[in-house]
């Protein structure tokens, strides 16, 4: 087991110690799960494809909900909406 210490920046960013990110590529998506006081990080590419799709869909849904709360969302016709969902 590897152990490292890092700190969070004022922007909420953390750095994964170099020795622990040798198998990660720049720009790779990482799933973060919070369970109480425990955080689990896992490369998204290691998950089953169906679970990856569910997580990405949930992320898009959360982004859309945030836009809705801010009042910056846009309305679309049914066909446009379905076509956009197909691109997710």
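Please work out whether the chain counts as rounded, prolate or oblate from its C-alpha gyration tensor, where a ≥ b ≥ c are the square roots of the eigenvalues and a/c under 1.5 means rounded, while otherwise a/b larger than b/c means prolate and anything else oblate?
Values: a/c = 2.70, a/b = 1.84, b/c = 1.46.
Judged from the Cα gyration tensor, the chain comes out prolate (a/c at least 1.5, a/b above b/c).
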- Query: If we sort 4-14, 22-32, 49-59 on the protection proxy, mean other Cβ atoms within 10 Å, highest first, what's the order?
  - Reply: 49-59, 22-32, 4-14
- Query: How much mean residue ellipticity at 222 nm does the chain get from its helices, if each DSSP H run of length 4 or more adds -39500 (n - 2.57) and you divide by all residues, to the nearest 500 deg cm²/dmol?
  - Reply: -12000 deg cm²/dmol
- The simple spin-label model distance between residue 33 and residue 61, using points 7 Å out along Cα→Cβ, in nm, is 1.8
- Query: Mind checking the angle between helix 78-87 and the chain's longest principal axis? C-alpha axes, 0 to 90 degrees, to the nearest 10.
  - Reply: 20
- Decide, for the stretch 47-88, between rounded, prolate and oblate: order the square roots of the alpha carbon gyration tensor eigenvalues as a ≥ b ≥ c, take rounded if a/c falls under 1.5, and otherwise choose prolate if a/b is larger than b/c, else oblate. oblate
- Report relative contact order for the chain in percent, whole number only (criteria: Cα-Cα under 8 Å, sequence separation at least 6). 13
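All of the numbers you see were taken from the coordinates with simple rules; none came from a lab. All figures in this text were calculated on a predicted structure; none of them were measured in a lab. As a convention, Cβ positions derive from the backbone with ideal geometry for all residues, glycine included, and neighbour counts pool all protein chains shown.
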